[in-house]
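Contents: one structure, followed by commentary.
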Ligand code: AHR
């Protein structure tokens, strides 16, 4: 833990380094109260069932201590991501914790640089979303040597040394893939015909994309009716979804890949699905009817599309992890244990549900 390192140094020096660091950091944004109003509403809509008992009453004075988190976010590629960032910023503000925020603009090297800066600045805890799974060992070893705990959120890292991070908080992305596949099995339980699937993957190399890819196949691999004819990355971007949709559109306006018609689209996130729907609208293709669509995230825009019958199934991925992260930071800075792995529980919304009962999503 960082505290043991700090006891070796002068507290005055640590405070001075922090002060100077804070003064110098122009690339990072200190949490502003301005975003808290908006995301307070978002938080009340959140359903983080993984939370554990809080005891903030007994330790309130620790919140007033100057706790600093260095947070490396991967970017702003989707509404999901924007909500995740807002959740972190708001929860930090509400907990009285300072958040040094760094946007990596989809580049791992920017994340590594940010983490190194956080180490130099002697933050209390480093929190980051790893854009891809591999390539973190060196920088995390540096954080470990500096006695700074690291919380990995949303996406996972792949390492042979589990001591390089203190905790992981995130969804079970393999299970999300399974849920998507189970919906299809249920929907088509009474048919024997072959169903051709087009899969739009998220960012290659990310644990989330890999999980959704694996879980989906795990369920469908023994069901001969389902045939994955095409799988391509759309990098979690709406623009890439659009581009891919245009690529598979035949001149006659039907969907096919190398002449094989597409029955089902399985998209790893809503942004890419919305890109598909943009193109379908232009060409008069009816998503949800001409082609079955299964998407992941459950942004408000896609729940609206589900209500309109343009999408058939949406697997939820919950971005509102900020409050739980702050609780864990609180515990860590009080030398109390936190679980190594915390999973966020999530649901599935389908065409068979009463959509009017779905609470506003907040993202
Ligand atoms: O890592 C979570 C994924 O990243 C979300 O599904 C996606 O929308 C985001 O950009």
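The values are calculated or read from the model by the stated rules, or taken from the named source; none is laboratory data. Since we're looking at a predicted model, the values are computed, not measured. All Cβ positions, glycine included, derive from the backbone under ideal geometry; neighbour counts span all protein chains shown.
Points to keep in mind about this one:
- Selection within segment 140-152 - more than 16 Å from the ligand (Cβ to nearest atom) and under 26 Å from residue 212 (Cβ atoms): 140, 150
- For the criterion of being surrounded by fewer than 22 Cβ atoms within 10 Å (Cβ to Cβ) and in a strand (DSSP E or B), residue 230 passes.
- Filtered residues of segment 218-227 (kept if surrounded by 18 or more Cβ atoms within 10 Å (Cβ to Cβ) and part of a strand (DSSP E or B)): 226
- Filter result for residue 353 (at pLDDT below 95, out of contact with any strand residue (DSSP E or B) (no Cβ under 8 Å at 6 or more places or on another chain), over 18 Å from residue 197 (Cβ atoms) and part of a loop (DSSP other than H, G, I, E, B)): no
- Residue among 272, 198 that is touching a helix residue (DSSP H, G or I) at 6+ places or on another chain (Cβ under 7 Å), in a strand (DSSP E or B) and either under 15 Å from residue 315 (Cα atoms) or touching a residue at least 40 places away in the same chain (Cβ under 8 Å) (or both): 198
- With respect to (1) within 13 Å of the ligand (Cβ to nearest atom); (2) surrounded by fewer than 23 Cβ atoms within 10 Å (Cβ to Cβ), the lone exception for residue 161 is condition (1).
- Residue count for segment 336-347, restricted to those that are at pLDDT 95 or above and not in a strand (DSSP E or B): 7
- For the residues 178, 155, the requirement of being buried (at least 23 other Cβ atoms within 10 Å of the Cβ), touching a residue at least 40 places away in the same chain (Cβ under 8 Å) and within 16 Å of the ligand (Cβ to nearest atom) singles out 155.
- Residue identified as surrounded by 14 or more Cβ atoms within 10 Å (Cβ to Cβ) and either out of contact with any strand residue (DSSP E or B) (no Cβ under 7 Å at 6 or more places or on another chain) or closer than 30 Å to residue 152 by Cβ (or both) among 328, 276: 328
- Residue 253 over 23 Å from residue 80 (Cα atoms), surrounded by fewer than 15 Cβ atoms within 10 Å (Cβ to Cβ) and touching a helix residue (DSSP H, G or I) at 6+ places or on another chain (Cβ under 9 Å): yes
- Identity of the residue in segment 280-326, within 16 Å of the ligand (Cβ to nearest atom) and assigned to a loop (DSSP other than H, G, I, E, B), that ends up nearest to the chain's Cα centre (by Cα): 319
- For segment 233-269, the set of residues classified as outside any helix (DSSP H, G or I) and without any contact (Cβ under 8 Å) to a residue 40 or more places away in the chain consists of 233, 249, 250, 251, 252, 253, 254, 256, 258, 259, listed by residue number.
- Check on residue 166, over 14 Å from residue 265 (Cα atoms), surrounded by 18 or more Cβ atoms within 10 Å (Cβ to Cβ) and away from the ligand (no atom under 11 Å from the Cβ): yes
- Among (1) buried (at least 22 other Cβ atoms within 10 Å of the Cβ); (2) more than 18 Å from the chain's Cα centre (by Cα); (3) within 16 Å of the ligand (Cβ to nearest atom) - the single one residue 245 does not satisfy: (3)
- Among the residues of segment 286-300, those that are closer than 20 Å to residue 255 by Cβ and out of contact with any strand residue (DSSP E or B) (no Cβ under 9 Å at 6 or more places or on another chain) comprise 286, 288, 289.
- Pair list, Cβ < 6 Å and 6+ apart or interchain, from segment 278-299 residues that are farther than 19 Å from residue 182 by Cα to residues that are within 13 Å of the ligand (Cβ to nearest atom): 299/79; 299/270; 299/363
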